[in-house]
Amino acid sequence: MSEQRDVIIIGSGPAGLTAAIYTARANLKPLLIEGLEAGGQLMITTAVENFPGFSDGIMGPELMGAMRVQAERFGTEIIQGHVTGVDLSRPPFIVKTDGTDYQARAVILATGASARLLGLPSERRLMGHGVSTCATCDGFFYRNRPIAVVGGGDSALEEAIFLTKFASRVTLIHRRDSLRGSKIMRDKAAANPKIAFRWNSIVEEVKDVEKGVVTGVLLRDTVTGERSELPLEGLFVAIGHTPNTSLVANQLALDANGYVVTHDGTHTSVPGVCACGDVQDHVYRQAITAAGSGCMAALDAERFIEG
Ligand code: NAP
């Protein structure tokens, strides 16, 4: 036997929790399944200074905690754990978790995207303490400081150019000797006097875990094998994002990069399944745009159920 629900929201970042606030207030008694990274990407950032309404900034985990309390206040049921499978072939949709299977009249997918990481223990330890995956969020903290960006695609180039507004010097560290990014971005970066390039270089370690702040990186030259240390105060990892779409890969239309395709607001290729936040947005990727699309998904799901 499976439990019946009006709306099930999968994911607990700003998109999922905003969808929960709106569907709860519409009396749809939403069930929100948190996922493995409860609270989403903001849980690994420190101060959020660009979320409107918080003139002194707010810590990422504190903002997510407040959104969660707000969602629960209006009657959202939040369960820990993650979704192991879905069947979106026809309504009612099936959402399976470790413990229980649910049926839902509408599903809101808010599973987000995960920034790709280098996979170094030191990178993980210093995340939010000098290591960042979001220049728009954290660039401001590096006024007149030397920093580096890892990656050779458009994201890395865009972040490096943006960060020259703050940093004293931006070193772009790339593992090959040619960039993957578009010509216009390559030319812009090359023409920027604040950007230096370290080619054929792999970050082997971020320093200094002992001190709890970034003081530099240990680099290995892939051609000569030589190791060197580059002093830095911040490291931005910009080697791409992976949308969390493995659950729905064969059930919803995805674009060439694996993001869920939405149309007319947040509708996916399956009526009654809406998608919001970074799982369907590789352009803006901000907490506030995710929250905005979460609101849209809630209204779209509500109209679908009423219709
Ligand atoms: P991307 O194009 O996949 O580039 C990722 C970069 O990271 C590549 O240079 C890759 O190196 C490097 N990389 C990957 N794994 C690595 C690792 N483990 N260690 C070191 N380096 C690693 O990703 P993206 O830059 O995020 O762009 C994604 C898509 O969005 C692209 O289609 C891009 O054009 C688009 N985009 C456009 C704009 C814009 O137009 N303004 C801005 C951002 C993104 P290799 O080159 O050696 O593979």
**Prompt:** Restricting the search to region 143-161, which residues are more than 8 Å from the ligand (Cβ to nearest atom) and either out of contact with any strand residue (DSSP E or B) (no Cβ under 9 Å at 6 or more places or on another chain) or of a type in the set (D, E, K, R) (or both)?
**Reply:** ARG143, ASN144, ARG145, GLU159
**Complete set of residues in region 1-31 that are closer than 12 Å to ILE79 by Cβ and either part of a loop (DSSP other than H, G, I, E, B) or in contact with a Gly (Cβ under 6 Å, 6 or more places away or on another chain) (or both)** = ILE9, SER12, PRO30
**Request:** Collect the residues in region 189-203 that are within 11 Å of the ligand (Cβ to nearest atom) and either part of a strand (DSSP E or B) or modelled with pLDDT under 95 (or both), keeping them in residue-number order.
**Result:** SER201, ILE202, VAL203
**Request:** Considering each residue of region 163-188, count those that are away from the ligand (no atom under 11 Å from the Cβ) and in contact with a Gly (Cβ under 8 Å, 6 or more places away or on another chain), and give that number.
**Result:** 4
**Request:** Scan region 266-297 residue by residue and report those that are over 21 Å from VAL86 (Cβ atoms) and not aliphatic (A, V, I, L, M).
**Result:** HIS282, TYR284, ARG285, GLN286, THR289, GLY292, CYS295
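Restricting attention to region 224-234, report how many residues are touching a residue at least 40 places away in the same chain (Cβ under 8 Å) and out of contact with any helix residue (DSSP H, G or I) (no Cβ under 8 Å at 6 or more places or on another chain).
3
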**Fill in**
Reported set for region 226-256 where residues are at pLDDT below 95, in a strand (DSSP E or B) and small (Gly, Ala, Ser) is none
**Prompt:** Residues in region 242-251: is at least one away from the ligand (no atom under 16 Å from the Cβ), within 26 Å of GLU34 (Cβ to Cβ), touching a Leu at 6+ places or on another chain (Cβ under 7 Å) and open to solvent by 10 Å² or more (accessible area, probe 1.4 Å)?
**Reply:** yes
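The values are calculated or read from the model by the stated rules, or taken from the named source; none is laboratory data. Given the structure is predicted, the values throughout are model-derived calculations rather than measurements. All Cβ positions, even for glycine, are placed from backbone atoms using ideal geometry, and neighbour counts span all protein chains on display. The protein model used for the area step is the full one, side chains on, heavy atoms only, and it has no ligands, DNA or RNA in it. Shrake-Rupley method; radii C 1.70, N 1.55, O 1.52, S 1.80 Å.
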